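Right, I'll just put the structure down here and ask away after.
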Amino acid sequence: MKQYVLALDAGTTSSRAILFDKDATIVDVAQQEFTQIYPHPGWVEHDANEIFDTQKKVIEQVLGKHSPQQINSIGITNQRETAVVWNKQTHEPICNAIVWQDRRTAEYCNSIKEAWSKKIQSKTGLVIDAYFSATKLKYILENVEGARTLADQGNLAFGTVDTWLLYKLTQGRLHATDATNASRTMMYNIHTNEWDDELLTLFNIPKSCLPKVLDSSDDYGTTTLFGGEIPIRGVAGDQQSALFGQQCTQSGMVKNTYGTGCFMLMHTGEKAFESKHNLLTTIALRLNGKTQYALEGSVFVAGSLIQWLRDELKMIDDASKIEALARKVSDSGGVFIVPAFAGLGAPHWNQDARGSIFGLTRGSNQSHIARAALESIVYQSAELIDCMHKDSGIEIKELRVDGGAVVNDLMMQLQADCIGVNVLRPKVIETTALGAAYLAGLYTGFFDAAEISKNWKIDQSFTSTDNKNLNIQGFKKAVEATKFFAS
Ligand code: ADP
């Protein structure tokens, strides 16, 4: 009896295997962390073999309790942009994977901005940045011994983490990725759905090392590594998977994930809007050969601000205590925090800005700081929503939320008040893994499209109120002052 779909969530710090049943309920989870490698300041690497080994172990842990015969299919979701390069003959990586956070190619990116920004934005939807895979692959081709020769022989393979896992799970039978992952490489034309020859020439990347690009719900072969044959039928990058897990499938539907940072995506249907506010245009999904698009923006520091208050200022001993502390006051007493620990993301894109606190008086206390911290997360997210609205002209009707920090009811209420629409927190907040499970199960018929939208259930709805204690204009002023201080 095929009663489950297995989602593989290949994250930045851990590999997870999550088993879902037909009602989208989690039946079992296994998780294993892997090593973060920091060879130089600003460099971040992973050992691709360790990524696969930990992923394999967590699958085995889950299948140890439930047999492979019970698994309808596998769906994969993954940290995006990270570049893995391996030898097609030995299936061995030729170097460590270069992780999305790695900044080693920042200087090169700056050097091509003037000439290429417009073109790269119009083809790939992206702002030129070291995050995206292209310059990481270029770096490997130029700096890892033997890489170029292997590429010339047609024996070199590049992939994001999904592609690497697919290759290993199918024992080299499939070198493929899905359109959402391809859209984060800065080599893929999101409008024509092809690897872009002009960009490949710019980065001097041979097409022979690139994976073929499939729909997000598609035939990704089978794995026989766990006894029996398990079909792999869904793949999507983590944020797109979360968007689908939240069932944001129509134009104008938005989700925001509140974790270390915030990731906000707005579905824009089959229309790709070019951003005038430094948001990214990205592929939301490709289903049945039809490409759906999204606008994406991120807040670099969100939950990590709460960690800072906990670990550095010792204001709280647990992140969960921030809410009670903030509730002791009804407003921030004129205090604003701009948590630009590592610069500012969209719409500001200022690498030099650093964190600041404004408006302190002799009466400012911990509760004011706590409240200002929560408000800063809310204000930054509101700025993204505003940009999405301006870029697309689409009215946003509600915000669906997930991530570890959404347990904070006060923050969710403030978010609803600040953006003027209701914030909806679903029952299942494991939306990333759920999205991948849905993609796989939709292909096989395990899930039905109408049924899964009914599975999305509200845990709590935060109704927007007219909250006079919020002051986004004050926050914007603080951001401008922060930028000025960095100039
Ligand atoms: P990630 O996946 O980015 O590691 P999670 O989704 O696990 O993050 O969320 C953890 C983050 O949420 C941490 O940064 C933590 O500080 C923050 N967080 C946890 N509980 C709360 C809370 N009650 N209020 C605000 N932030 C919280």
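Find how much the distance from Asn467 to Val407 grows on full extension, using 0.36 nm per residue of separation minus their present alpha carbon separation; answer in nm with one decimal.
Between Asn467 and Val407, full extension yields 19.5 nm more.
Next up: Can you tell me what share of the DSSP beta bridges in the chain is antiparallel? A percent to the nearest 5 is fine. Show your work: numbers first, answer last.
Working: 53 of 76 bridges.
Once the DSSP bridges in the chain are tallied, antiparallel ones form about 70 percent.
Taking the mean number of other Cβ atoms within 10 Å as a proxy for protection, how do you rank 296-304, 442-450 from highest to lowest?
296-304, 442-450
Continuing with this model, one more query. For the pair Glu274/Ala324, report the inter-label distance in nm, with labels modelled 7 Å from Cα in the Cβ direction.
Roughly 5.3 nm, to one decimal.
Something else about it: Viscosity 1.002 mPa s, temperature 20 °C: what is the translational diffusion coefficient of the range 38-102 from Stokes-Einstein with a Kirkwood Rh over Cα pairs, rounded to a whole number of µm²/s?
Result for D is 154 µm²/s.
Further, regarding this structure: Stick to the Cα atoms of the range 198-295, pair each with every other, and give me the Kirkwood hydrodynamic radius in Å at one decimal. Don't skip to the end; give the middle numbers.
On the way: mean 1/r = 0.0640 Å⁻¹.
Evaluated over the range 198-295, this radius sits at 15.6 Å.
Would you mind checking the pairs Lys22/Lys457; Lys136/Lys483; Lys2/Lys65 and listing those with alpha carbons more than 19 angstrom apart?
Lys136/Lys483
Still on this structure: Restricting to DSSP H runs of at least four residues, report the calculated mean residue ellipticity at 222 nm for the chain, -39500 (n - 2.57) per run over all residues, nearest 500 deg cm²/dmol.
-10500 deg cm²/dmol
Expressed in nm to one decimal, what extension gain is obtained for the pair Ser487 and Gln36 from 0.36 nm per residue of sequence separation less their Cα-Cα distance?
Here the answer is 159.1 nm.
Going 7 Å from the Cα of Asn288 along its beta-carbon direction, which residues of the range 262-278 have the amide nitrogen within less than 20 Å of the resulting point?
Hits in the range 262-278 for Asn288 at 20 Å: 267-272.
If a/c stays under 1.5 just call it rounded; otherwise compare a/b with b/c (prolate if a/b is bigger, oblate if not). Do that for the range 130-271, with a ≥ b ≥ c from the square roots of the Cα gyration tensor eigenvalues.
Oblate is the answer for the range 130-271, as a/c is 1.5 or above yet b/c matches or exceeds a/b.
How do Val213, Val29, Val161 stack up against each other in accessible area, from largest to smallest, with a 1.4 angstrom probe?
Working: Val213 30, Val29 65, Val161 0 Å².
So, going from the largest accessible area down, we get Val29, Val213, Val161.
Considering only protein heavy atoms, what is the solvent-accessible area of Lys56 at a probe of 1.4 Å, reported in Å² to the nearest 10?
60
Separate question: Compute the separation of the alpha-carbon centres of the range 105-178 and the range 340-403 and state it in Å as a whole number.
32
Still on this model: Report Cys418's accessible area, 1.4 Å probe, all protein chains in place, as a number in Å² to the nearest 10.
We get 40 Å² for Cys418.
Right, here's the next one. If each Cα of the chain is one equal point scatterer, what is log10 of I(q)/I(0) from the Debye formula at q = 0.09, 0.10, 0.14 Å⁻¹?
Per q value, in the given order, log10 I(q)/I(0) is -0.60, -0.74, -1.43.
Between Phe341 and Gln69, what is the spin-label point distance in nm, taking each point 7 Å from the Cα along the Cα→C-beta axis?
Label-label distance for Phe341 and Gln69, simple model: 5.0 nm.
Another question about this same structure. Between Asn204 and Leu360, 0.36 nm times their residue separation minus their Cα-Cα distance comes to what? Show your work: numbers first, answer last.
Working: separation 156, 0.36 × 156 = 56.16 nm, distance 5.27 nm.
Answer, rounded to one decimal: 50.9 nm.
OK, next. Please list 349-356, 456-463, 430-437, 19-26 highest first by mean number of surrounding beta-carbon atoms within 10 Å per residue.
Taking the mean over residues of other Cβ atoms within 10 Å, the ranking is 430-437, 19-26, 349-356, 456-463.
Something else: Tell me, what ³J(HN,Hα) does each residue in the range 271-281 have, in order and in whole Hz, if you take phi through Karplus 6.51 cos²θ - 1.76 cosθ + 1.60 with θ = phi - 60° and put x for Gly and Pro?
Taking θ as phi minus 60°, the curve returns 10, 9, 8, 7, 7, 9, 10, 6, 7, 9, 9 Hz for the range 271-281.
Another one. Under 19 Å from the 7 Å Cα→Cβ point of Lys457, by amide nitrogen: which residues of the range 236-263?
Label zone hits: 245-248.
Amide H of Val428 versus every other amide H placed in the peptide plane: which residues, excluding those fewer than 5 positions away on the same chain, fall under 5 Å?
Placed amide hydrogens put Lys457 under 5 Å from Val428.
Sticking with this one: Heavy-atom accessible area per residue, the range 4-237, 1.4 Å probe: how many Å²?
Values: 8350 Å² over 234 residues.
Counting only protein heavy atoms, the per-residue value for the range 4-237 is 36 Å².
Computed FRET efficiency, Cβ-Cβ of Asp331 and Ser111, R0 51 Å: what is it to the nearest 0.05?
It comes out at approximately 0.65.
The values are calculated or read from the model by the stated rules, or taken from the named source; none is laboratory data. Since the structure is predicted, the reported quantities are computational estimates derived from the model, not experimental observations. Don't worry about glycine lacking a Cβ; one is built from the backbone with ideal geometry, like all the others, and counts go over all protein chains shown. Calculation scope for accessible area: heavy atoms of the full protein, side chains included, ligands and nucleic acids excluded. Shrake-Rupley method; radii C 1.70, N 1.55, O 1.52, S 1.80 Å.
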